[in-house]
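A.B. asks: Below: one structure in structure tokens.
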Amino acid sequence: MIIANSGRMLAEAASRSGFRPWVIDLFADQDTLSFSERVFRIEALDEPFLKEIIADFRSLHPKSPVVYGSGLEHYPKALELITRECELVGNDIKSVRQLQQKKSFFELLDHLEIDYPRVAFTKPMEAEQWLIKPETGEGGLGIRLFRNGMPTQGNMYWQKYIEGTAGSALFLADGRNIRIIGFHTQWCENQYADQPFLFAGVINRCPLSAEQADIIHSWIAAIVRAIPLKGLNTLDFIIQGERIYVLEVNPRPSASMQLYDADLFGAHLNACRGILDNTNFTRHQVCAYRIVYADRDITIPDAFSWPKACRDLPIAGSIIRKGQPICSIIARDINVRSVHRQLNKIRQIIIQSFN
């Protein structure tokens, strides 16, 4: 079983690995349906919505595990339910909480002598160049430049804004040892002023020097020695010249796993069970993933002809609000410029189709 905000990525990876999964998510997209034995669309990944489905799954497939993706880490009761009822493949609730409790996480980084942008847990006196961030956010949602007088709520913290290149490292861990799959550059969707740091895409190229890559490897190894992470995880960072700053660790498979043709789903299962995969995760071809956001409210028409590179295809009749994802695109080519050209061309085709 796969549980995530959007289960398509993991369902596709599981299908390539020889599985026919059940999927619980918030969208039940066309391609998720095609990769899955059963798909359940629910309102939220919270325990009450999961209980009955998990009970049915356990009774029919008592030895099959549950793999989770983006979103479930924000629902501790749901993680507890799965842990009680099934084999949970991924980081346990203790490890997730150690990463989500930002005060203790940054104290750990201090202890490990790992650089990160300065943080504050009370409102800073000087307002300039601070971000306000949710403790359990994802995909850049809720991150804003802080201004005096801006309303705040609980479970927020402040972090110094650093200009630089946003990057990530996808890695496997078995609770003790690590293996880095690759380094990536991320970018934001900046057309929406109220969500200026919204995650828009990732590419399997990153302007790290060999020395910087070694530093990040040592940082990840130190974090995993302190927090016994398992399976696929990502470390997000900012590159500013010769300096690197850690932003956060995401304790589950991320969008960047789609940039590789190897069986990363199988590698995730193995690593969670204590076996680090020695497959050669090549990245000869440039590959990028991009989310296409709606520039206005749209309704998906019947028999819409999606370009071949598109994923996460909403079913006909779906209403997509302005600023919400319409679909995503995966493009491959011989160089970065060609890949960006492909992404932009396909994005324009999709946006213009609804005008």
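A.B. asks: Give a residue-ordered list of calculated ³J(HN,Hα) values for the range 156-164 (Karplus: 6.51 cos²θ - 1.76 cosθ + 1.60, θ = phi - 60°; whole Hz; x for Gly, Pro).
C.D. replies: The phi angles translate into 10, 9, 10, 9, 4, 6, 10, 6, x Hz.
A.B. asks: Answer rounded, prolate or oblate for the range 140-184, using the Cα gyration tensor with square roots of eigenvalues a ≥ b ≥ c: rounded when a/c is under 1.5, else prolate when a/b is larger than b/c, else oblate. Before the final figure, lay out the partial values.
C.D. replies: On the way: a/c = 4.01, a/b = 2.14, b/c = 1.87.
The shape class here is prolate.
A.B. asks: Show His74, His217 ordered by accessible area, largest first, where the area counts protein heavy atoms only and the probe is 1.4 Å. Don't skip to the end; give the middle numbers.
C.D. replies: Numbers: His74 50, His217 80 Å².
Order by accessible area, largest first: His217, His74.
A.B. asks: Suppose the Debye formula is applied to equal point scatterers at every Cα of the range 118-262; what is log10 I(q)/I(0) at q = 0.15 Å⁻¹?
C.D. replies: Debye curve over Cα of the range 118-262, log10 I(q)/I(0) at q = 0.15 Å⁻¹: -0.82.
A.B. asks: Take the solvent-accessible surface of the protein heavy atoms, probe 1.4 Å, and return the percent of it on the range 10-63 that carbon and sulfur atoms account for.
C.D. replies: After summing per-atom areas, the C and S share lands at 51 percent.
A.B. asks: Are there any GluC sites (Glu not before Pro) in the range 19-124 that are in a DSSP loop and have at most 10 other Cβ atoms within 10 Å? List them by number. Could you put the intermediate results ahead of the total?
C.D. replies: Working: sites: Glu37, Glu43, Glu52, Glu73, Glu80, Glu85, Glu87, Glu107, Glu113; in loops: Glu37, Glu43, Glu87, Glu113.
When the GluC sites (Glu not before Pro) of the range 19-124 are filtered for loop state and at most 10 Cβ neighbours within 10 Å, Glu43, Glu113 remain.
A.B. asks: Under 8 Å for C-alpha pairs, at least 6 residues apart: give me the relative contact order for the range 73-209, rounded to a whole percent.
C.D. replies: Numbers: 178 pairs, mean separation 23.7, N = 137.
Over the range 73-209, the number comes to 17 percent.
A.B. asks: Next question, about the same structure. With just the Cα atoms defining each centre, how far is the range 82-136 from the range 259-279? Give it in Å.
C.D. replies: After rounding, the separation between the Cα centres reads 26 Å.
A.B. asks: Looking only at Cα atoms, what is the convex hull volume of the chain per residue, in Å³? Numbers along the way, then the final one.
C.D. replies: Details: hull volume 50.7 nm³, N = 355.
Spread over its residues, the Cα hull of the chain gives 143 Å³ apiece.
A.B. asks: With springs only between Cα atoms under 10 Å, which of Gly266, Gly175, Gly18 fluctuates most in a Gaussian network model of the chain?
C.D. replies: The residue that fluctuates most here is Gly18.
A.B. asks: In whole percent, and with a 1.4 Å probe on the protein chains, what portion of the accessible area of the range 292-355 is carbon and sulfur?
C.D. replies: Heavy-atom surface of the range 292-355 belonging to carbon and sulfur, 1.4 Å probe: 50 percent.
A.B. asks: Here's a follow-up. Report the convex hull volume per residue for the range 84-178, counting only C-alpha atoms, in Å³.
C.D. replies: Details: hull volume 14.3 nm³, N = 95.
Roughly 151 Å³ of hull volume per residue.
A.B. asks: Apply the membrane-span-like helix rule to the chain: whole DSSP H runs, Cα extent along the own long axis of at least 18 Å, mean Kyte-Doolittle hydropathy at least 0.5. List the helices found.
C.D. replies: Result, helices passing both filters: 210-226.
A.B. asks: Moving on to the next point. What's the carbon and sulfur percent of the range 90-184's accessible surface, probe 1.4 angstrom, rounded to a whole number? Walk me through the numbers on the way to the answer.
C.D. replies: On the way: 2290 of 4760 Å².
Carbon and sulfur together cover 48 percent of it.
A.B. asks: List the pairs from Lys63/Lys308; Lys77/Lys230; Lys103/Lys322 whose alpha-carbon separation is above 31 Å, in the order I gave them.
C.D. replies: Values: Lys63/Lys308 36 Å; Lys77/Lys230 20 Å; Lys103/Lys322 34 Å.
Among Lys63/Lys308; Lys77/Lys230; Lys103/Lys322, the Cα-Cα distance tops 31 Å for Lys63/Lys308; Lys103/Lys322.
A.B. asks: Let me ask another. Report the accessible area of Phe183, computed with a 1.4 Å probe over the heavy atoms of all protein chains in place, in Å² rounded to the nearest 10.
C.D. replies: 40 Å²
A.B. asks: Right, here's the next one. With Rg and the Kirkwood Rh both taken from Cα atoms, where does Rg over Rh land for the range 247-320? Intermediate results must be reported in sequence, preceding the final value.
C.D. replies: Values: Rg = 17.2 Å, Rh = 15.8 Å.
Result for the range 247-320 is an Rg/Rh of 1.09.
A.B. asks: Using the reciprocal of the averaged 1/r over all distinct C-alpha pairs, how large is the Kirkwood radius of the range 196-338 in Å? Write out the running numbers ahead of the final one.
C.D. replies: Working: mean 1/r = 0.0561 Å⁻¹.
17.8 Å is the Kirkwood radius here.
A.B. asks: Using 5 Å bins from zero, what percent of all Cα-Cα pairs in the range 139-215 falls into each bin?
C.D. replies: Using 5 Å bins, I get a P(r) of 3, 11, 17, 20, 15, 15, 10, 6, 2, 0 for the range 139-215.
A.B. asks: Further question on the same structure: Would you work out the relative contact order for the chain, in percent, from Cα pairs under 8 angstrom that are 6 or more residues apart? Before the final figure, lay out each step's value.
C.D. replies: Details: 719 pairs, mean separation 51.0, N = 355.
Here the relative contact order equals 14 percent.
A.B. asks: Divide by every residue of the chain the summed helix terms, -39500 (n - 2.57) for each DSSP H run of at least 4, and state the resulting mean residue ellipticity at 222 nm, rounded to the nearest 500 deg cm²/dmol. Don't skip to the end; give the middle numbers.
C.D. replies: Working: 9 runs with 101 residues, N = 355.
Value at 222 nm, helices only, nearest 500: -8500 deg cm²/dmol.
A.B. asks: Please work out the Cα center distance from the range 176-255 to the range 1-46, rounded to the nearest Å.
C.D. replies: The two parts, judged by their Cα centres, are 25 Å apart.
A.B. asks: Rolling a 1.4 Å sphere over the protein heavy atoms, what is the accessible area per residue of the chain, to the nearest Å²?
C.D. replies: About 47 Å² of surface per residue is accessible.
A.B. asks: Tell me the net charge near Glu87. Cut-off is 15 Å between Cβ atoms, Glu87 excluded, with +1 for each Lys or Arg and -1 for each Asp or Glu.
C.D. replies: On the way: positive: Arg58, Lys63, Arg84, Lys230, Arg273; negative: Glu80, Glu85, Asp92.
That works out to +2.
A.B. asks: If one puts a single equal scatterer on every Cα of the range 45-131 and applies the Debye formula without solvent, what log₁₀ I(q)/I(0) results at q = 0.11, 0.14 Å⁻¹?
C.D. replies: The calculated log intensity ratios at q = 0.11, 0.14 Å⁻¹ are -0.47, -0.65.
The values are calculated or read from the model by the stated rules, or taken from the named source; none is laboratory data. Every value quoted in this text rests on a predicted model; they were computed, and no experiment measured them. All Cβ positions, glycine included, derive from the backbone under ideal geometry; neighbour counts span all protein chains shown. Surface accessibility is based on the protein's heavy atoms, side chains included, excluding ligands, DNA and RNA. Shrake-Rupley method; radii C 1.70, N 1.55, O 1.52, S 1.80 Å.
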